[in-house]
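Step one of this worksheet: look at the structure below.
The values are calculated or read from the model by the stated rules, or taken from the named source; none is laboratory data. This is a predicted model, so every value here is computed, not measured. Heads up, the Cβs are rebuilt from the backbone with ideal geometry, glycines too, and the neighbour counts pull from every protein chain shown.
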Amino acid sequence: MNSRIDIQKTYKLYINGKFSRTESGRYFPLKDSRGKATVNLCQASRKDFREAVKFARKAVGGWSSRTAYNRGQILYRIAETLEGRKKQFIQELNHFGITKNNATQEVEITIDRLVYYAGWADKYQALFSSVNPVSSAHYNFSVPEYQGVIAIISPNDNPLLGLASLIAPAFVGGNTIVCLASEKNPLTAITFAEVLHASDIPNGAVNILTGFSSELAEHFSSHKDVNGIVYCGENLELNKSIQENASENVKRIHYYDKINWLINKGQSPYFIMDHSEIKTTWHPIGS
Amino acid sequence: MKANQINIANFRQTPVIDQVGVNERVARLNSRSIKKTSKMAALKLALSMIDLTTLEGMDTPGKVQQLCIKAKHLNHGISDLPHVAAVCVYPSLVKIAKKELNGTSINVASVVTGFPSGQTNFKTRLEEVRYAICEGADEVDMVISRGKFLSGDFQLVFDEIAQTKEECEDIHLKVILETSELSTLDNIRRASEIAMKAGADFIKTSTGKTKCGATQPISLVMLEAIKDFYQKTNKKIGMKPAGGISDSKTAIRYLVMVKEILGNEWLTPTLFRFGASSLANDLLMQITKQQSGAYQSADYFSKD
Amino acid sequence: MTNQTDFITGYSPAPESTNLIEIKERYPLFIKGKFLEPQSGRYFSTINPATEKKLSEVAVANQTDVDFAVKSARNAYKNVWSKMPPKERSKYIYRIARVLQERGREFAVIESMDGGKPIRESRDIDIPLAVAHFFYYAGWADKLEYAFPGRKANGLGVAGQIIPWNFPLLMAAWKIAPALACGNTIVLKPAETTPLTAMKLAELLQDIDLPPGVVNIITGAGDTGIKIVDHPDINKIAFTGSTDVGKIIQKSLAGTQKKYTLELGGKAAHIIFDDAAINQAVEGIINGIFFNQGHVCCAGSRLYVQEGVAEEVISKLKDRMETLIIGDPLDKNTDIGAINSKMQLKKIMEITQSGEDEGGVLFQSKCTTPKSGYWFKPTLISNVAQSSRVVQEEIFGPVLAVQTFRTVDEVIEKANNTPYGLSGGVWTDKGAKIFKITKQIQAGILWANTFNKFDPTSPFGGFKESGMGREGGIHGLYPYVELS
């Protein structure tokens, strides 16, 4: 037996391009598949979320004005970086009860999904734009634009794939993100943040928190500087209260009920459009 | 900047015009519905603003005499009619017209400066102005050098107008832009400003000798230029659309434009004219229709 | 103005004839293709806001009535409309367009009488645009497979549609046309102050033999609207109205399976740069705020003028305001008609007063307004700031708040400094600046060197608290389909 003692990793929140502990000082332990508490995670607070939204809002202008080509490249870069760290992700998933086969499948589909959305970066606009033949002397066109800050509450199934499948379409569409990791299995989300961090995403463009939806969903849904909210959980009561809160500032609400992220239906440009607004511009034609 | 480079005005920086916006404004003004007493008043007003015009190579003293008689006696069947504002002829026929209109307040206007193209040397053009005035013209209608304008020599266009005005002294100077050759509304605005700043008493759309005469959008741009000039200088410049205005409906639409852009103060022959030959008869027909209730035939109105 | 008006003092009255129109004494509910007495047994009056005289009365739909309307729509969906070949559906919508076009003048006159808007607008804008919407969406019915890349579209079922009073028939068209084209059936509720053209439309639907129950039109106040929103057998809610009510609707739909689109309020920034075509910009500003008495959600109600031209623009605006003709909505020369209701007039007066109280400088055109009816003079308020109530709140009346700015970035920041995001306008002669600004303003419709333009092919709808979903164009199909 090797006499070397392993270095254990400290899992923190990912806010504004930094790995920081929760301001609340709270943590929650995570038990491995044998029931042993091996890891502690930050239990993000309302204030952590508030900070994350603040930085996400700051990042919107810069991220949304990147060229589509550049956004695609960054998405692709995330996939590349993830590919290089595949083993770690499989191990982390496996450690918390997902079979090695399933874990491998999940990580590989996640990488492919990121590549999939990287490819959409400069294409969905053409598909969902229109030049409108108005009956007057005007040139008129409609294009998808970002919505702003999207708050995402990740699903518990497929903790890595679910998270990436929700972040990628919102992110590639020019939005910035505050995302709550799977409650049951948040580990890979924070490791995924390291991947993001190594992939040249602007600070604050994606923020990942760990903690409890029972505590945070209320703030995710009621924060007035959040433009859209995604929920995939099975808690219908919580879903209802999220939607009620969201109405306070007319948030775009997406409840992805029972979507199987493992199959091709878990990806499409329509997910990008869920986080897009159509903007129409008019201009006279004359001399 | 050297002192000698400072121009009186920088004509490269005149206000821009949005063509579609102009067309929309015209369409909206055209939706005004002028009925009953306001229609009758408008018809008579239009009549009083006409420069009854004949500008043909085949014009003869006889033709001009007939036109002058018509100017004095528009129609014997209708009471309370105004007379037209002026008779507009070539310089060589000014004397005839002047004699025929002696004792009336109808002016004689003469086209000058190598009308309609203006393509002769400036000295000759000025000579023509002197000649027309000498023959008795009360008003002269000059043309601008469109070629020079289009090649960007705005200063020269300005200078020519200014020198013509000097020659005119108190004689009313109408400056014809010949808008159909100026290509864009921006150019029409610019030419209007040049003319007004150089001393024009009136700005006029067209010679009537090209394929397109006055249009409402063009006139609107010129009216707005006049308004802006008035607000800056407190000087009222007149407007004369010419060419192609031949029916009452169109004439009333012009009056609506003048009323709503420039205001009632411009609704007078001293500040607004129609350059037209067949408009008078249509106005007379409409006046008769308003009075009698019956639609009229052109056969009942003299063609001179 | 008297009949002796000459051209100089003004235009003689030119009233549109009311001889052609027929308004019944009362209109019951239109359900299952028939006009049926309401179970509530109650009716309420609808008046002409220009005269305060009663025009007719319409029924109050209670729960039983709503239930019956929804049931009739459901049956029509199941048994008729969803089974009908799309190209046949299409022909019914074309029929609506054609017959509405034929009867356009009658609808225009009634629209102006019931809502107070000038006949020039109802005749030249509202009704022709409504016709064009039906004509446009009719053609989509049998082409939906081309509209959604990689997906198949199906109708949703029964759509509950609640429309506002500012463009009564036009909003009905915006709602009904795409819903029918996508195979849905409808329960529609017009606004309580402007129900008449919807009821005339009901008569028209009877005349063109639209199958019973495909479109049901029921009347009532907000109470009836909530019953539609809450009805368990409705699949989709489409609402146009205030942001406050929109939020209530969104809240009551929380946790349900119903799809919804909301077209809510706005407080559009209208930006004038010093290099703009100033005279056309002034006309754009006028059209932006005084169109339909300012009862327009996308009205350009916050004016931002670059400092160098502020004095000129404001002085021209005031001049132009003096030439606006306010009065009888049926007079063809009227530019500004009556305020839609007493309640709305009160609201406009109250917010305008707050503008004065906060130190705003008021300018109103000198026109006189008729003695009876609800009127508000075209108004401009300067000396206001972003923090002023007249700059922050939607007034929904002919009141323009004027501010100045210096730089591009400053004005973009100010323009976006609002919870609303429906529309915006910018006037400049520089193309690059137009694209920078239209790109950065967070709003659904950007008018560059023009304002308040509408077309059935062009999607309309807001960002942020101005609502969600689009109406018009290919994007206007999405709210009415389920994709698989």
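Below, the figures for the structure above:
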item	result
Wholly within the stretch A:6-69, strands (runs of 3 or more DSSP E) carrying at least 2 residues that are over 27 Å from A:Phe171 (Cα atoms), in contact with a Pro (Cβ under 7 Å, 6 or more places away or on another chain) and small (Gly, Ala, Ser)	none
Condition broken by C:Lys54, with the remaining ones in (1) within 20 Å of C:Ala191 (Cβ to Cβ); (2) without any contact (Cβ under 8 Å) to a residue 24 or more places away in the chain; (3) assigned to a helix (DSSP H, G or I) satisfied	(3)
Qualifying positions in the stretch C:266-282 - within 10 Å of another protein chain (Cβ to nearest Cβ), out of contact with any Gly (no Cβ under 7 Å at 6 or more places or on another chain) and surrounded by 22 or more Cβ atoms within 10 Å (Cβ to Cβ)	C:Ala276, C:Ile278, C:Asn279, C:Ala281, C:Val282
Positions within the stretch B:24-35 being among the polar types (S, T, N, Q) and within 10 Å of chain C (Cβ to nearest Cβ), in sequence order	B:Ser31, B:Ser33
Any hit, the stretch A:116-126, residues being assigned to a loop (DSSP other than H, G, I, E, B), surrounded by fewer than 21 Cβ atoms within 10 Å (Cβ to Cβ), among the charged types (D, E, K, R) and more than 12 Å from chain C (Cβ to nearest Cβ)	yes
Residue ranges of helices (runs of 4 or more DSSP H) in the stretch B:36-112 with at least 1 members under 20 Å from the mean Cα position of the chain (by Cα) and either away from chain C (no Cβ under 14 Å) or of a type in the set (Phe, Trp, Tyr) (or both)	B:61-72, B:94-100
Residue match in the stretch A:14-23 (condition: of a type in the set (Ser, Thr, Tyr), modelled with pLDDT of 90 or more and touching a Gly at 6+ places or on another chain (Cβ under 9 Å))	yes
Hits in the stretch A:201-244 - residues which are among the polar types (S, T, N, Q), more than 8 Å from every other protein chain (Cβ to nearest Cβ) and surrounded by fewer than 23 Cβ atoms within 10 Å (Cβ to Cβ)	A:Asn203, A:Ser213, A:Ser214, A:Ser222, A:Asn235
Whichever residue in the stretch A:151-176 is within 8 Å of the chain's Cα centre (by Cα) and either facing chain C (nearest Cβ under 9 Å) or of a type in the set (Val, Ile, Thr) (or both) and, among such residues, is nearest to A:Asn227 (Cα to Cα)	A:Ile152
Index of the failed condition, C:Asn416 passing every other in (1) on the phi < 0 side of the Ramachandran plot; (2) within 11 Å of chain A (Cβ to nearest Cβ); (3) crowded, with 18+ Cβ neighbours inside 10 Å	(3)
Residue match in the stretch C:283-296 (condition: within 11 Å of another protein chain (Cβ to nearest Cβ), over 19 Å from the mean Cα position of the chain (by Cα) and buried (at least 19 other Cβ atoms within 10 Å of the Cβ))	yes
Tally of residues being among the acidic types (Asp, Glu), closer than 20 Å to B:Lys72 by Cα and out of contact with any Phe, Trp or Tyr (no Cβ under 9 Å at 6 or more places or on another chain) across the stretch B:96-148	2
Search result, residues across the stretch B:101-119 that are out of contact with any helix residue (DSSP H, G or I) (no Cβ under 9 Å at 6 or more places or on another chain) and closer than 16 Å to B:Phe149 by Cα	B:Pro116
Tally of residues being within 14 Å of chain B (Cβ to nearest Cβ), among the small types (Gly, Ala, Ser) and touching a Ser or Thr at 6+ places or on another chain (Cβ under 8 Å) across the stretch A:261-287	1
Check on C:Pro456, part of a loop (DSSP other than H, G, I, E, B), touching a Lys or Arg at 6+ places or on another chain (Cβ under 9 Å) and outside the structural domain of C:Pro49 (by TED's automatic domain parsing)	no
Tally, over the stretch C:179-214, of residues that are assigned to a strand (DSSP E or B) and within 20 Å of the chain's Cα centre (by Cα)	4
Which numbered condition C:Gly220 fails, given (1) under 26 Å from C:Leu100 (Cα atoms); (2) not assigned by TED's automatic domain parsing to the domain that holds C:Ser72	(2)
Matching strands (runs of 3 or more DSSP E) fully within the stretch C:296-408 where at least 3 residues are at pLDDT 95 or above and aliphatic (A, V, I, L, M)	C:399-405
Listing of strands (runs of 3 or more DSSP E) fully contained in the stretch A:173-282 that carry 1 or more residues being of a type in the set (Gly, Ala, Ser) and in contact (Cβ under 8 Å) with a residue 12 or more places away in the chain	A:228-231
Hey, C:Gly473 farther than 17 Å from C:Glu394 by Cβ, touching a Ser or Thr at 6+ places or on another chain (Cβ under 9 Å) and facing chain A (nearest Cβ under 7 Å) or not	yes
Some residue of the stretch C:439-460 being more than 28 Å from A:Pro133 (Cα to Cα), more than 8 Å from chain A (Cβ to nearest Cβ) and polar (S, T, N, Q)	no
Test: residue in the stretch C:85-105 that is of a type in the set (A, V, I, L, M, F, W, C), touching a residue at least 60 places away in the same chain (Cβ under 8 Å), part of a loop (DSSP other than H, G, I, E, B) and crowded, with 17+ Cβ neighbours inside 10 Å	no
